[in-house]
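Since the structure comes first, as structure tokens, the remarks are kept for the end.
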Amino acid sequence: MLPNTGKLAGCTVFITGASRGIGKAIALKAAKDGANIVIAAKTAEPHPTLPGTIYTAAEEIEAAGGKALPCIVNVREEQQIINAVEKAVKTFGGIDILVNNASAISLTGTLETATKKVNLMMDVNVRGTYLTSKACLPHLRKSKNPHILNLSPPMNLNPMWFKNHCAYTISKYGMSMCVLGMAEEFRGEVAVNALWPKTAIHTAAMDMLGGAGIEKQCRKTDILADAAYCILTKPKTFTGNFIIDEVLLREEGVKDFDVYAIAPGHPLMPDFFLDVEIDSTATKQETYGAAQEEKKLSGSQQEGADGAKVKTESAAAEPSGPVAETFRVIRGVVTEEYVRSTQGVFQFDLSGDGGGTWYIDLKTKGGSAGFGKPPVAADVVMSMSSADFVKMFTGEGQRPLSRDTGPGAQKSLCWRGSRAVSHLVIWEWSSFQLFVAQEKVQART
């Protein structure tokens, strides 16, 4: 964990959505320095399913060493934002830091997203961030070292991040565009940056989205709190950056990341919008370019996603049995359409009859599947029994990372991701899996 330095002592930090989750974690970290925290959130009365209110958060903040000002704020209501800002200035004498944390999410496609959900995400994520920033900026400009920090991702324009939840992506990228614009507009006066997690973070929202057992694949909110603290204690010249929590903390000397894990040693779920490894803190925006034209090579080589020639395993050594038969069907249904839509490489480490390492490459042009290591680095590695693997393609097994996962499900399955594989890859994988199951049924009839 990153130690406190006392640099935020006496600073006033205005945080939206600070009654629980990531916002509250950032508030508590700053409170340990003796900061003044404005808790700008909606929940004033206990919620039937969600933990905490602005008043319980205030109690925790004061117990941690800070001063708290709970304000009922729905960021969809501009006057409530203005009232809270005025109250903060009257109470603490100004505002030094704004954290735009409040956010709404609906992971649905265009036709499935109700208009009221679109309005909610745009109002909270984009409009709320913009209006809160606008209301705070006159006061931030009077501070010695002012910061705005948006909890929003780098704007990866890979279409895969739009196709399954277009409205949500637009709304989160709207928050990121506020960073781009305001960082330049107020350069030299106010630092404006974005922070995003490398892995899933355990919050009430994640529990609702992921189902039972999802917390084991998540990190605690502490990692974002530490990363935010690091950013907010930097000089205001540090601006216009899109920062990934783990990358920043490694640069700050943090080596033990198990302390942030809910279940140390358990595989972690990568977060949205990251399909390449980020190895530098000060990440500026780059346009996502189309991949180079890929060509199949003769012999035992193919061209990988990065244009490098890679060796493929020979199918001659494949064991026989149900697993091999399943892969025979899989090879028959791999199409360019699935490769284009999935963009993922899956490795299976199977135990039992027909076990060993198998792969399905739905990233390299043309796609492939078979026995042995995949031709390019795997995005997801799944470990399970051969029997469970076969069931997965007959409709009898659990779908990896499905939202309807119940208690006790997936006990024999674990997975780990590399190169920050997306949730979308998993969802496309589930679609592919069901298609294979249908093909197997047709083959038997």
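The table for this structure:
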{"item": "Sequence ranges 224-230, 383-389, ranked by mean other-Cβ count within 10 angstrom, highest first", "result": "224-230, 383-389"}
{"item": "For 202, 266, order by how many other beta-carbon atoms lie within 10 Å, fewest first", "result": "266, 202"}
{"item": "Members of 42/117; 87/116; 163/216; 90/234; 7/236 lying beyond 22 Å, as alpha-carbon distances in this model show", "result": "87/116; 163/216; 90/234"}
{"item": "Part-to-part distance (alpha-carbon centres) for the range 346-389 and the range 10-57, which is given in Å", "result": "45"}
{"item": "Distance between modelled label sites at residue 106 and residue 80, nm, 7 Å Cα→Cβ extension", "result": "1.8"}
{"item": "For residue 372, distant residues with modelled amide H under 5 Å away", "result": "357, 358, 359"}
{"item": "Potential extension, residue 207-residue 55 segment - 0.36 nm per residue separation minus Cα distance", "result": "52.4 nm"}
{"item": "Ranked by how many other beta carbons lie within 10 Å on average, peptides 49-56, 213-220 from highest", "result": "213-220, 49-56"}
{"item": "Cα-based convex hull, the range 87-152, per residue volume (Å³, whole number)", "result": "84"}
{"item": "Cα gyration tensor shape for the range 1-103, rounded if a/c is under 1.5, else prolate or oblate", "result": "oblate"}
{"item": "The range 236-278: C-alpha gyration tensor shape, a/c 1.5 cut-off, then a/b vs b/c", "result": "oblate"}
{"item": "Residues 222, 379, 258, sorted so that the one with the fewest Cβ neighbours within 10 Å comes first", "result": "258, 222, 379"}
{"item": "Residue order, fewest to most beta carbons within 10 Å, for 148, 72", "result": "72, 148"}
{"item": "For the range 145-196: relative contact order, % (alpha-carbon pairs under 8 angstrom, 6 or more apart)", "result": "60"}
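No value in this document is a laboratory result; all are computed from the given coordinates. The shown structure was predicted, so the numbers you read here are calculated from the model rather than taken from an experiment. Positions of Cβ are generated from backbone atoms using ideal geometry, with glycine treated the same way; all protein chains shown enter the neighbour counts.
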